[in-house]
Amino acid sequence: MSYSLSKIRWRRVLGAAFAVIALSFLIPIVIITVYAFVLAFQARGAPDQTAINHFAASVSPKLMPWLEMVLTLLLAFRVARRTEGASIISGLIVGILAGLLSLAVTLAFGGRLGLHNSLFLPIVVALGWLGGFIGQKTVTFARRKDPRG
């Protein structure tokens with residue numbers, strides 16, 4: 001199969017990669033905010049800031065990598081379904097960009113390069129490729145089923 005870089009919808013690919021990072025930050029913020037509201041209603045006043053900080057410190061680092069992986073797969077799938085001809089490569093580029101942006105954010109916030117980051121980047125890239133592959137297969141399958149085709 002030959003792929004043409006001219007068939008890639010770069011705005012969609014870049015938007016999906018940035019959306020992976022943005023949503024992986026926003027979803028934990030929403031979860032922590034809901035937790036703070038629950039604590040405020042239970043206390044019938046100001047919530048315990050120490051409990052909120054402890055919850056955020058324990059949940060966010062565990063949840064964000066999983067969110068980045070799942071969101072990369074889903075958004076690469078979505079980009080691939082909407083791209084004619086370069087579905088798999090579009091998904092792969094979403095994975096590469098999401099992985100590199102995640103690494104950049106980690107380093108920007110004082111993180112270090114280690115085994116975790118070394119393994120995380122290829123996993124995200126592979127999930128981007130898988131999203132593109134599945135997206136292309138679903139489009140191909142839909143076209144085969146459609147008699148107008």
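Each of F55, L130, I8 was scored by the projection of its Cα onto the charge dipole of the stretch 7-145, and the greatest displacement toward the positive side belongs to I8; charges sit on the C-beta of Lys, Arg, Asp and Glu.
Would you please calculate the Kirkwood hydrodynamic radius of the stretch 26-137 over all C-alpha pairs and express it in Å, rounded to one decimal?
15.6
Treating r as the C-beta distance of V105 and I52 and R0 as 35 Å, the FRET efficiency rounds to 0.95. Peptide packing for 106-112, 66-72 was compared via the average number of neighbouring C-beta atoms within 10 Å per residue; ordered from the highest value, the list is 66-72, 106-112. For the chain, adding -39500 (n - 2.57) for each run of n ≥ 4 DSSP H residues and dividing by the number of residues yields -29000 deg cm²/dmol at 222 nm.
Give the peptides 82-95, 18-31 in descending order of average Cβ contacts within 10 Å, highest first.
Going by the mean number of other Cβ atoms within 10 Å, highest first, we get 82-95, 18-31.
Stretching I29 away from V70 to a fully extended chain increases their span by 13.0 nm, per 0.36 nm per residue minus the current alpha-carbon distance.
For the stretch 7-145, the residue among L113, T83, G95 whose Cα projects farthest onto the positive side of the dipole built from Cβ charges is T83.
Note down the magnitude of the dipole of the chain about its Cα centre, charges +1 on Lys and Arg C-beta and -1 on Asp and Glu C-beta and zero elsewhere, to the nearest 20 debye.
On the way: 15 positive and 4 negative charges, 156 e Å.
The calculation lands at about 760 debye.
So, counting K/R as plus one and D/E as minus one, what does the shell of residues with Cβ under 15 Å around L23 add up to? Result for the local shell: 0.
Every read-out reported here was derived from the displayed coordinates using simple, explicitly stated rules and does not represent laboratory data. Because the structure is a prediction, the values reported are computed rather than measured. Glycine also receives a Cβ, built like all others from the backbone with ideal geometry; neighbour counts cover every protein chain displayed.
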